[in-house]
Amino acid sequence: MSLNWDVSKIENNKEVCFTGEGDNRCLAPVTNTLIWYTLAVDIGDISEKNVDEFYIRMNLLDRLNTGPMHWEAAGYRSITLEELRQHIGLHTNVGRGETRNKWFKHKIDGVVRDLEYDLRKQVA
């Protein structure tokens, strides 16, 4: 399934979500990254109601080094709360809508599985 997104409901979306002019116009890096984060955090829309939860999940992934923005060699930095709030109104077709506890368990279990796999490879 494709990842579909809509930025039309973001205030000042032309300035916030895009860079360049004419043929060079493209998605701003923060907007593009937040679109992909909707998959990782399992929240398809950024709203006043869920912006704090989105921020917590996004930063948990960063701290676990599993988020889409974890590119240390490319000058890694986290998306700020201010940048996230500028994207209130972003909509994607993502959203199983897991509760925080279920989402945390799912993500932590995945990291532990990866660590166990890495450990088995080193011991073998």
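Residues of region 27-41 that are of a type outside the set (A, V, I, L, M, F, W, C), surrounded by 13 or more Cβ atoms within 10 Å (Cβ to Cβ) and free of Cβ contacts under 8 Å to residues at least 12 places away in the same chain: ASN32 alone. Residues in region 78-92 that are loosely packed, with under 15 Cβ neighbours inside 10 Å, modelled with pLDDT of 95 or more and not in a helix (DSSP H, G or I): there are none. LYS107 satisfies every condition listed in (1) in a loop (DSSP other than H, G, I, E, B); (2) at pLDDT below 95; (3) within 14 Å of the chain's Cα centre (by Cα) except (1).
Scanning region 111-124 for residues that are part of a helix (DSSP H, G or I) and farther than 16 Å from MET58 by Cα returns VAL112, ARG113, ASP114, LEU115, GLU116, TYR117, ASP118, LEU119, ARG120, LYS121, GLN122, VAL123. Considering GLY95, GLY110, the condition of being on the phi > 0 side of the Ramachandran plot, out of contact with any Cys (no Cβ under 8 Å at 6 or more places or on another chain) and surrounded by 12 or more Cβ atoms within 10 Å (Cβ to Cβ) is satisfied by GLY95 alone.
Any idea which residue in region 1-26 is surrounded by the most Cβ atoms within 10 Å (Cβ to Cβ), counting only those that are in a loop (DSSP other than H, G, I, E, B) and touching a Gly at 6+ places or on another chain (Cβ under 6 Å)? Before you say what the answer is, go through the steps one by one.
Looking only at region 1-26, we keep the residues that are in a loop (DSSP other than H, G, I, E, B), and these are 1-4, 7-12, 17, 20-21, 25.
Narrowing the set further to residues that are touching a Gly at 6+ places or on another chain (Cβ under 6 Å) leaves 9-10.
Details: LYS9: 13, ILE10: 19.
Filtering region 1-26 for residues that are in a loop (DSSP other than H, G, I, E, B) and touching a Gly at 6+ places or on another chain (Cβ under 6 Å), the one surrounded by the most Cβ atoms within 10 Å (Cβ to Cβ) comes out as ILE10.
Yes/no matrix, rows are residues, columns are (1) touching a strand residue (DSSP E or B) at 6+ places or on another chain (Cβ under 6 Å); (2) modelled with pLDDT of 95 or more:
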| site | (1), (2) |
| --- | --- |
| MET1 | no, no |
| ASP6 | yes, yes |
| ARG25 | yes, no |
| THR33 | no, no |
| VAL51 | no, yes |
| ARG63 | no, no |
| GLY75 | no, no |
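The values are calculated or read from the model by the stated rules, or taken from the named source; none is laboratory data. Since this is a predicted model, take the numbers as computed values, not measurements. Here the Cβ is made from the backbone with ideal geometry for all residues, glycine too, and neighbour counts use every protein chain on show.
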